[in-house]
There are 2 protein chains.
Amino acid sequence: MTYSIAQAAERSGLSIDTLRYYERIGLVDPPARDSGGRRTYSDDDLGWLIFLTRLRTTGMPIRMMREYAQLRHRGAATAGRRKQMLFEHRASVRERIAELQSCLDVLDYKIAHYEQIEHTFVEGITA
Amino acid sequence: MTYSIAQAAERSGLSIDTLRYYERIGLVDPPARDSGGRRTYSDDDLGWLIFLTRLRTTGMPIRMMREYAQLRHRGAATAGRRKQMLFEHRASVRERIAELQSCLDVLDYKIAHYEQIEHTFVEGITA
DNA sequence: GTAGGAGCTGGAGTGCACTCCAGGTCAACC
DNA sequence: GGTTGACCTGGAGTGCACTCCAGCTCCTAC
(Lines give C-alpha, C1' and ligand atoms only; values in the text may rest on other atoms or scores of the structure.)
Protein backbone atom coordinates (compact mmCIF):
# COMPACT_ATOMS: atom_id res chain seq x y z
CA MET A 1 0.00 0.00 0.00
CA THR A 2 1.30 3.45 -0.86
CA TYR A 3 0.04 6.91 -0.07
CA SER A 4 0.17 10.30 -1.69
CA ILE A 5 1.53 13.12 0.39
CA ALA A 6 -2.01 14.27 1.11
CA GLN A 7 -2.96 10.82 2.34
CA ALA A 8 0.20 10.51 4.40
CA ALA A 9 -0.56 13.90 5.93
CA GLU A 10 -4.08 12.89 6.80
CA ARG A 11 -3.07 9.58 8.31
CA SER A 12 -0.10 10.87 10.27
CA GLY A 13 -1.73 14.06 11.45
CA LEU A 14 1.15 16.12 10.07
CA SER A 15 0.61 18.78 7.46
CA ILE A 16 1.83 18.39 3.89
CA ASP A 17 4.29 21.19 4.47
CA THR A 18 5.55 19.51 7.61
CA LEU A 19 6.10 16.25 5.75
CA ARG A 20 8.29 18.00 3.21
CA TYR A 21 10.00 19.93 5.97
CA TYR A 22 10.80 16.73 7.91
CA GLU A 23 12.25 15.24 4.78
CA ARG A 24 14.37 18.31 4.11
CA ILE A 25 15.89 18.29 7.58
CA GLY A 26 16.57 14.57 7.51
CA LEU A 27 13.91 13.39 9.92
CA VAL A 28 12.43 11.07 7.35
CA ASP A 29 14.08 9.35 4.43
CA PRO A 30 13.02 10.65 1.04
CA PRO A 31 10.08 8.47 0.03
CA ALA A 32 9.79 6.82 -3.37
CA ARG A 33 8.47 8.86 -6.27
CA ASP A 34 5.91 7.93 -8.88
CA SER A 35 6.42 8.40 -12.62
CA GLY A 36 5.38 12.02 -12.32
CA GLY A 37 7.94 12.80 -9.60
CA ARG A 38 5.40 12.77 -6.77
CA ARG A 39 6.16 11.31 -3.37
CA THR A 40 4.64 7.93 -2.58
CA TYR A 41 4.78 6.92 1.06
CA SER A 42 4.92 3.25 2.05
CA ASP A 43 3.32 1.71 5.13
CA ASP A 44 6.75 1.68 6.71
CA ASP A 45 7.17 5.36 5.98
CA LEU A 46 3.82 5.99 7.57
CA GLY A 47 4.69 3.94 10.64
CA TRP A 48 7.79 6.02 11.12
CA LEU A 49 5.86 9.25 10.66
CA ILE A 50 3.34 8.20 13.26
CA PHE A 51 6.10 7.24 15.67
CA LEU A 52 7.65 10.66 15.12
CA THR A 53 4.35 12.29 16.07
CA ARG A 54 4.49 10.39 19.37
CA LEU A 55 7.97 11.66 20.05
CA ARG A 56 6.85 15.15 19.14
CA THR A 57 3.77 14.94 21.33
CA THR A 58 5.95 13.96 24.25
CA GLY A 59 8.13 16.98 23.70
CA MET A 60 11.20 15.48 22.10
CA PRO A 61 13.02 18.24 20.23
CA ILE A 62 13.57 17.78 16.51
CA ARG A 63 17.31 17.74 17.01
CA MET A 64 16.97 14.61 19.13
CA MET A 65 14.48 12.97 16.80
CA ARG A 66 17.00 13.51 14.04
CA GLU A 67 19.72 11.91 16.11
CA TYR A 68 17.44 8.93 16.63
CA ALA A 69 16.64 8.82 12.92
CA GLN A 70 20.34 8.80 12.07
CA LEU A 71 21.03 5.94 14.47
CA ARG A 72 18.13 4.03 13.01
CA HIS A 73 19.60 4.57 9.60
CA ARG A 74 22.83 2.91 10.68
CA GLY A 75 20.99 -0.30 11.43
CA ALA A 76 20.94 -2.93 14.13
CA ALA A 77 24.35 -1.98 15.52
CA THR A 78 22.83 1.15 17.02
CA ALA A 79 19.86 -0.55 18.65
CA GLY A 80 21.38 -0.21 22.11
CA ARG A 81 21.91 3.50 21.69
CA ARG A 82 18.38 3.97 20.43
CA LYS A 83 16.97 1.99 23.31
CA GLN A 84 18.96 4.17 25.67
CA MET A 85 17.52 7.30 24.07
CA LEU A 86 13.97 6.05 24.40
CA PHE A 87 14.68 4.98 27.93
CA GLU A 88 15.85 8.42 28.92
CA HIS A 89 13.07 10.05 27.03
CA ARG A 90 10.52 7.89 28.79
CA ALA A 91 11.93 9.02 32.12
CA SER A 92 11.55 12.65 31.08
CA VAL A 93 7.97 12.05 29.98
CA ARG A 94 7.20 10.49 33.33
CA GLU A 95 8.68 13.51 35.06
CA ARG A 96 6.64 15.76 32.87
CA ILE A 97 3.46 13.91 33.77
CA ALA A 98 4.30 14.20 37.46
CA GLU A 99 4.90 17.90 37.03
CA LEU A 100 1.57 18.37 35.29
CA GLN A 101 -0.14 16.37 37.98
CA SER A 102 1.27 18.59 40.68
CA CYS A 103 0.10 21.67 38.79
CA LEU A 104 -3.32 20.04 38.55
CA ASP A 105 -3.39 20.02 42.33
CA VAL A 106 -2.82 23.76 42.32
CA LEU A 107 -5.62 24.24 39.80
CA ASP A 108 -7.92 22.08 41.90
CA TYR A 109 -7.11 24.19 44.90
CA LYS A 110 -7.73 27.44 43.05
CA ILE A 111 -10.99 26.24 41.58
CA ALA A 112 -12.14 25.06 44.99
CA HIS A 113 -11.29 28.50 46.28
CA TYR A 114 -13.45 30.15 43.62
CA GLU A 115 -16.26 27.75 44.44
CA GLN A 116 -16.04 28.71 48.06
CA ILE A 117 -16.31 32.37 47.13
CA GLU A 118 -19.41 31.66 45.05
CA HIS A 119 -20.91 29.71 47.88
CA THR A 120 -20.27 32.51 50.38
CA PHE A 121 -21.80 34.96 47.95
CA VAL A 122 -25.00 32.90 47.58
CA GLU A 123 -25.27 32.58 51.34
CA GLY A 124 -24.86 36.32 51.62
CA ILE A 125 -27.77 36.76 49.24
CA THR A 126 -30.12 34.28 50.83
CA ALA A 127 -29.26 34.99 54.45
CA MET B 1 8.80 41.04 53.16
CA THR B 2 10.05 42.43 49.87
CA TYR B 3 12.41 41.06 47.27
CA SER B 4 14.82 42.49 44.76
CA ILE B 5 14.36 41.41 41.18
CA ALA B 6 17.19 38.91 41.58
CA GLN B 7 15.52 37.40 44.64
CA ALA B 8 12.14 37.31 42.92
CA ALA B 9 13.77 35.58 39.97
CA GLU B 10 15.39 32.99 42.17
CA ARG B 11 12.24 32.27 44.13
CA SER B 12 9.89 32.16 41.17
CA GLY B 13 12.19 30.27 38.87
CA LEU B 14 11.81 32.94 36.20
CA SER B 15 14.78 34.85 34.87
CA ILE B 16 15.30 38.53 35.61
CA ASP B 17 14.72 39.30 31.97
CA THR B 18 11.52 37.31 31.99
CA LEU B 19 10.25 39.21 35.03
CA ARG B 20 10.72 42.50 33.23
CA TYR B 21 9.25 41.03 30.08
CA TYR B 22 6.13 39.83 31.93
CA GLU B 23 5.73 43.29 33.39
CA ARG B 24 6.10 44.94 30.00
CA ILE B 25 3.43 42.79 28.40
CA GLY B 26 1.01 43.24 31.28
CA LEU B 27 1.22 39.80 32.83
CA VAL B 28 2.24 41.23 36.18
CA ASP B 29 1.48 44.60 37.70
CA PRO B 30 4.46 46.91 37.95
CA PRO B 31 5.91 46.25 41.41
CA ALA B 32 6.80 49.01 43.86
CA ARG B 33 10.14 50.75 43.49
CA ASP B 34 12.68 51.63 46.13
CA SER B 35 14.24 55.09 46.49
CA GLY B 36 16.74 54.24 43.80
CA GLY B 37 14.07 53.25 41.27
CA ARG B 38 14.62 49.53 41.66
CA ARG B 39 11.77 47.04 41.66
CA THR B 40 10.75 45.61 45.01
CA TYR B 41 8.47 42.59 44.83
CA SER B 42 6.00 41.84 47.62
CA ASP B 43 4.96 38.42 48.84
CA ASP B 44 1.75 38.88 46.90
CA ASP B 45 3.71 39.69 43.77
CA LEU B 46 5.73 36.57 44.32
CA GLY B 47 2.64 34.45 44.84
CA TRP B 48 1.25 35.63 41.53
CA LEU B 49 4.55 34.98 39.78
CA ILE B 50 4.63 31.46 41.10
CA PHE B 51 1.06 30.87 40.04
CA LEU B 52 1.97 32.11 36.58
CA THR B 53 4.76 29.56 36.43
CA ARG B 54 2.19 26.84 37.10
CA LEU B 55 0.04 28.07 34.27
CA ARG B 56 3.06 28.24 32.04
CA THR B 57 4.19 24.75 33.01
CA THR B 58 0.79 23.41 32.10
CA GLY B 59 1.05 25.01 28.68
CA MET B 60 -1.23 27.99 29.01
CA PRO B 61 -0.24 30.51 26.34
CA ILE B 62 0.80 33.97 27.48
CA ARG B 63 -2.14 35.52 25.71
CA MET B 64 -4.50 33.56 27.95
CA MET B 65 -2.53 34.26 31.09
CA ARG B 66 -2.81 37.91 30.24
CA GLU B 67 -6.54 37.61 29.83
CA TYR B 68 -6.69 35.99 33.25
CA ALA B 69 -4.50 38.74 34.70
CA GLN B 70 -6.78 41.39 33.27
CA LEU B 71 -9.86 39.75 34.75
CA ARG B 72 -8.11 39.47 38.08
CA HIS B 73 -7.34 43.15 37.87
CA ARG B 74 -11.02 43.95 37.53
CA GLY B 75 -11.72 42.36 40.90
CA ALA B 76 -14.30 40.08 42.44
CA ALA B 77 -16.89 40.67 39.73
CA THR B 78 -14.84 38.56 37.33
CA ALA B 79 -14.32 35.62 39.70
CA GLY B 80 -16.80 33.49 37.78
CA ARG B 81 -15.05 34.10 34.49
CA ARG B 82 -11.69 33.30 36.03
CA LYS B 83 -12.99 30.11 37.56
CA GLN B 84 -14.35 29.15 34.19
CA MET B 85 -10.95 29.71 32.59
CA LEU B 86 -9.20 27.57 35.17
CA PHE B 87 -11.87 24.95 34.83
CA GLU B 88 -11.37 24.71 31.09
CA HIS B 89 -7.64 24.83 31.46
CA ARG B 90 -7.74 22.00 33.97
CA ALA B 91 -9.65 19.90 31.49
CA SER B 92 -7.02 20.55 28.84
CA VAL B 93 -4.25 19.62 31.27
CA ARG B 94 -6.02 16.38 32.04
CA GLU B 95 -6.29 15.65 28.34
CA ARG B 96 -2.64 16.43 27.91
CA ILE B 97 -1.73 14.01 30.68
CA ALA B 98 -3.85 11.31 29.08
CA GLU B 99 -2.14 11.96 25.76
CA LEU B 100 1.30 11.68 27.34
CA GLN B 101 0.28 8.51 29.08
CA SER B 102 -0.79 6.94 25.84
CA CYS B 103 2.51 7.92 24.25
CA LEU B 104 4.24 6.34 27.24
CA ASP B 105 2.58 3.08 26.29
CA VAL B 106 4.13 3.35 22.84
CA LEU B 107 7.53 4.03 24.39
CA ASP B 108 7.13 1.05 26.69
CA TYR B 109 6.30 -1.10 23.73
CA LYS B 110 9.29 0.12 21.73
CA ILE B 111 11.66 -0.32 24.63
CA ALA B 112 10.35 -3.82 25.24
CA HIS B 113 10.96 -4.50 21.58
CA TYR B 114 14.58 -3.39 21.86
CA GLU B 115 14.97 -5.54 24.95
CA GLN B 116 13.69 -8.52 23.08
CA ILE B 117 16.22 -7.90 20.34
CA GLU B 118 19.00 -7.75 22.91
CA HIS B 119 17.76 -10.94 24.48
CA THR B 120 17.67 -12.73 21.16
CA PHE B 121 21.17 -11.54 20.45
CA VAL B 122 22.48 -12.88 23.77
CA GLU B 123 20.80 -16.21 23.14
CA GLY B 124 22.40 -16.30 19.73
CA ILE B 125 25.80 -15.87 21.37
CA THR B 126 25.34 -18.35 24.17
CA ALA B 127 23.50 -21.01 22.20
C1' DG C 1 -6.31 20.59 -26.28
C1' DT C 2 -7.33 22.89 -22.31
C1' DA C 3 -8.88 23.73 -17.58
C1' DG C 4 -8.32 22.22 -12.96
C1' DG C 5 -6.23 20.18 -9.21
C1' DA C 6 -2.46 17.90 -6.86
C1' DG C 7 2.12 18.14 -6.27
C1' DC C 8 6.91 20.09 -6.98
C1' DT C 9 11.09 23.36 -5.48
C1' DG C 10 13.68 26.95 -3.07
C1' DG C 11 13.24 30.36 -0.18
C1' DA C 12 10.92 33.77 2.72
C1' DG C 13 7.83 34.66 6.59
C1' DT C 14 5.45 33.67 11.10
C1' DG C 15 4.35 33.18 16.09
C1' DC C 16 5.84 32.27 20.40
C1' DA C 17 8.43 33.12 24.39
C1' DC C 18 11.95 34.67 25.69
C1' DT C 19 17.07 36.52 25.81
C1' DC C 20 20.61 39.68 25.04
C1' DC C 21 22.72 44.13 24.59
C1' DA C 22 24.36 49.03 24.88
C1' DG C 23 24.53 52.69 27.42
C1' DG C 24 23.13 54.61 31.51
C1' DT C 25 21.97 55.29 36.94
C1' DC C 26 22.52 54.43 41.73
C1' DA C 27 24.26 52.94 46.35
C1' DA C 28 28.01 51.03 48.92
C1' DC C 29 32.55 50.03 50.04
C1' DC C 30 37.51 51.00 50.03
C1' DG D 1 36.09 60.09 44.95
C1' DG D 2 36.67 56.04 42.29
C1' DT D 3 35.42 51.37 41.44
C1' DT D 4 32.27 47.71 41.66
C1' DG D 5 28.03 45.41 41.16
C1' DA D 6 23.07 45.38 40.86
C1' DC D 7 19.68 47.37 38.39
C1' DC D 8 17.52 50.42 34.83
C1' DT D 9 15.48 51.34 29.76
C1' DG D 10 14.37 50.61 24.89
C1' DG D 11 15.11 47.89 21.40
C1' DA D 12 17.25 44.18 18.74
C1' DG D 13 18.19 39.26 18.28
C1' DT D 14 17.40 34.19 19.00
C1' DG D 15 15.70 29.36 18.57
C1' DC D 16 12.23 26.46 17.57
C1' DA D 17 8.98 24.41 14.61
C1' DC D 18 6.69 25.11 11.36
C1' DT D 19 3.86 27.67 7.42
C1' DC D 20 3.31 30.16 3.34
C1' DC D 21 4.34 31.61 -1.28
C1' DA D 22 5.53 32.13 -6.31
C1' DG D 23 6.16 29.98 -10.17
C1' DC D 24 6.45 25.69 -12.12
C1' DT D 25 5.14 20.58 -13.80
C1' DC D 26 2.20 16.79 -14.49
C1' DC D 27 -1.89 13.92 -14.90
C1' DT D 28 -7.07 13.67 -15.50
C1' DA D 29 -11.39 14.76 -17.14
C1' DC D 30 -14.10 17.06 -20.32
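What accessible area, summed over both chains, is buried at the B-A interface (1.4 Å probe, Å², nearest 100)?
Approximately 3100 Å², summed over both chains.
Mind listing, in residue-number order, the residues in segment A:65-95 that have at least 50 Å² less accessible area with every protein chain present than in their own chain alone (1.4 Å probe)?
Relative to the lone chain, where solvent access is computed with a 1.4 Å probe, segment A:65-95 loses at least 50 Å² at A:LYS83, A:LEU86, A:ARG90.
Sequence gap at least 6, Cα distance under 8 Å: using those rules, report the relative contact order of chain B to the nearest whole percent.
19
Given chain A, what whole percent of its Cα pairs are spread farther than 17 Å?
Here the long-distance tail beyond 17 Å is 68 percent of all Cα pairs in chain A.
So what is the 222 nm mean residue ellipticity for chain B from helices alone, if each DSSP H run of at least 4 adds -39500 (n - 2.57) and you divide by all residues, rounding to the nearest 500 deg cm²/dmol?
For chain B, the value works out to -24500 deg cm²/dmol.
Rounding to the nearest 20 debye, state how big the charge dipole of the protein assembly as shown is about its Cα centre with +1 on each Lys and Arg Cβ and -1 on each Asp and Glu Cβ.
Rounded to the nearest 20 debye, it is 800 debye.
Between B:GLY59, B:GLY13, B:GLY37, where does the largest GNM mean-square fluctuation fall for chain B, given springs only between Cα atoms within less than 10 Å?
Ranking B:GLY59, B:GLY13, B:GLY37 by mean-square fluctuation puts B:GLY37 first.
Which Cα, out of A:GLY13, A:MET65, A:TYR114, lies furthest along the positive dipole direction of chain A (beta carbon charges, K/R +1, D/E -1)?
A:MET65
Return the single residue from B:ALA76, B:ALA112, B:ALA98 with maximal mean-square fluctuation; model: Gaussian network over chain B, springs between Cα atoms under 10 Å.
B:ALA112
What size of dipole, in debye to the nearest 20, comes out for segment A:41-127 about its Cα centre when the only charges are +1 on Lys and Arg C-beta atoms and -1 on Asp and Glu C-beta atoms?
Taking the Cα centre of segment A:41-127 as origin, the dipole is about 940 debye.
So which residue of B has the beta-carbon closest to the axis that swings B onto A, and how many whole Å away?
B:ILE97, 3
Rank B:LEU19, B:LEU104, B:LEU52 by mean-square fluctuation in a GNM of chain B with C-alpha springs under 10 angstrom and give only the top-ranked residue.
Of B:LEU19, B:LEU104, B:LEU52, the most mobile in the Gaussian network model is B:LEU104.
Obtain the nm distance between the two label points defined at B:THR53 and B:SER15 by a simple spin-label model: each point lies 7 Å from its Cα along the Cα-to-C-beta direction.
So the label points at B:THR53 and B:SER15 sit 1.5 nm apart.
I'm checking a number: the convex hull volume of the Cα atoms of segment A:1-73, normalised per residue, in Å³. What is it?
82
Which whole-Hz ³J(HN,Hα) couplings does segment B:81-87 yield from phi under the Karplus relation 6.51 cos²θ - 1.76 cosθ + 1.60, θ = phi - 60°, glycine and proline marked x?
Once θ is set to phi - 60°, the couplings for segment B:81-87 become 5, 5, 4, 4, 4, 5, 4 Hz.
Skip the ligands, DNA and RNA, and give the accessible area per residue of segment B:37-120 with a 1.4 Å probe, whole Å².
Per residue, segment B:37-120 has an accessible area of 57 Å².
Quote the charge dipole size of segment B:1-96 about the Cα centre in Debye, to the nearest 20; the model charges only the Cβ of Lys and Arg (+1) and of Asp and Glu (-1).
Computed about the Cα centre, the dipole is about 380 debye.
Sort shortest first the distances from B:ASP108 to its counterpart in every other copy, using label points 7 Å along the Cα-to-beta-carbon line, and give them in nm.
Values, ascending and in nm: 2.2.
Round to a whole angstrom and tell me the spacing of the C-alpha centers of segment A:48-127 and segment B:4-61.
Spelled out, the Cα-based centre of one part sits 25 Å from the other.
The values are calculated or read from the model by the stated rules, or taken from the named source; none is laboratory data. Please read all numbers here as calculations on a predicted model, not as lab measurements. Methodologically, a virtual Cβ is constructed for each residue, glycine included, from the backbone with ideal geometry; neighbour enumeration extends over all protein chains shown. Only protein heavy atoms, including side chains, enter the accessible area calculation; ligands, DNA and RNA are left aside. Shrake-Rupley method; radii C 1.70, N 1.55, O 1.52, S 1.80 Å.
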